[in-house]
1. For the Cα atoms of the chain, what angle does the longest principal axis make with the long axis of helix 253-263, in degrees from 0 to 90, nearest 10?
2. Put +1 on the Cβ of each Lys and Arg and -1 on the Cβ of each Asp and Glu in the chain; which of Leu323, Thr290, Gln241 then has its Cα farthest toward the positive end of the dipole?
3. Give the Kirkwood hydrodynamic radius (Å, one decimal) of the stretch 1-159, defined as one over the mean of 1/r across all pairs of different Cα atoms.
4. So for the chain, averaging the separation of alpha carbon pairs under 8 Å that are six or more residues apart and normalising by length, what relative contact order in percent results?
5. Over the chain, what is the percentage of antiparallel beta bridges among all DSSP beta bridges, to the nearest 5?
6. Report the local net charge at Ala284: Lys and Arg +1, Asp and Glu -1, summed over other residues whose C-beta lies under 12 Å from its C-beta.
7. Sorted from largest to smallest, which semi-axis lengths in Å does the alpha carbon gyration tensor of the stretch 203-258 give for its equivalent ellipsoid, taking the root of 5 times each eigenvalue?
8. Just how many % of Cα pairs in the chain lie over 33 Å apart, if you round to the nearest whole percent?
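Rule-based calculations on the coordinates, nothing more; no lab input. As the structure is a prediction and not an experimental result, all values here were calculated from the model. Heads up, the Cβs are rebuilt from the backbone with ideal geometry, glycines too, and the neighbour counts pull from every protein chain shown.
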Amino acid sequence: MASSFHAFLVNDLFGDPALYVSLPWERRALLFDLGDINSLSAGRLLKITDVFVSHAHVDHFVGFDYLLRVLLGRPKGLRMYGPPGFIEHVEGKLRGYTWNLVEGYTLVIEVHEVHPDRMFKARFACPEGFARRNDPTPYPCNGVIVDEPQFRVRTSLLDHRIPSLGFALEETAHLNVDKDRLDNLGLPVGPWLMDLKRAIRAGAPGEQPIRVVWSEQGRRRERTLALQDLRRDVVRIRPGQKLAYVTDVVHSPENTDKITRLARGADIFYCEAAYPERDCERAAARFHLTAGQAGRLAAEAQVRRLSVFHFSPKYRDCPGELLDEAMAAFGRRLST
Ligand SMILES: [Zn+2]
Ligand SMILES: [Zn+2]
């Protein structure tokens, strides 16, 4: 009964960047980068509430149209986060279509643009033909762009000749339910455990009553227990899980410093490895990392696992070379 993130790269090592992260404690998902996402089912796309885009190069943003197509007509809100200029990029995409005959649709897209010390926000609502509505004043940003009771997302502006955002997704606490203790107390497994975990994460008062309703041999049973008793008896609280995501960055001292701080201690670090070390000059000229550089960053940030991706198609016949190089530089087990 773990409550950690479930994350996977949508495409293969050579495909467009997109990392899908579902939050198992609610029917909800996050998406990091918005490359080709055609292989994701409508069911998965409909769970997405927040999209984090590193930068608007086409391989990181081409999936916007498909996501919009699936979400349109659903009573949904979507939040998007991206680097300077991002609101204009979203506006440009939306301006590319004709928006009549959509009066009954309620989709609202809220776009947050990350600058070094502040954020700008704009809203695009379907009933208004997705006309841009700017929030009049920017709001301060200390690097934390989402802060919810269950998790937070931190970002860092990295150098890819243009700004490229790196992200860290941090679970505030990792909650496990002890099934044996539950059995001993005669309590069932069920959706009430989600409510319990949500209340603990939100810092609800200990005396808050938690109602458990279930049926046993056709009879309705009900018990109410105090949150503090359940927290003590059936829930094991450990430090939360952490994922880091970095792509499209040049190898430089400044980026290295920012990336190692962002990814420090991550359980899994998703990092681009576009080129092999033998083509490091090409990597530098295109403001990308080599596999060896990705491995060294992972080692320096002391992450537990490394997952490399975004290989240049030029190396389609030798992915093993990039994987081996990253693994050797990381010095530990490589996760793909
Ligand atoms: Zn790219
Ligand atoms: Zn790029």
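1. 20 degrees
2. Value: Gln241.
3. Numbers: mean 1/r = 0.0615 Å⁻¹.
Result for the stretch 1-159, one decimal place: 16.3 Å.
4. Values: 737 pairs, mean separation 40.7, N = 336.
Relative CO of the chain lands at 12 percent.
5. Working: 51 of 74 bridges.
Percent antiparallel among DSSP bridges in the chain is about 70.
6. Details: positive: Arg161, Arg282, Arg286; negative: Asp159, Glu277, Asp279, Glu281.
Residues close to Ala284 contribute a combined charge of -1.
7. Numbers: eigenvalues 442, 50, 16 Å².
Equivalent-ellipsoid dimensions as semi-axes: 47, 16, 9 Å.
8. Details: 19833 of 56280 pairs.
Looking at the chain, the distances longer than 33 Å represent 35 percent of pairs.
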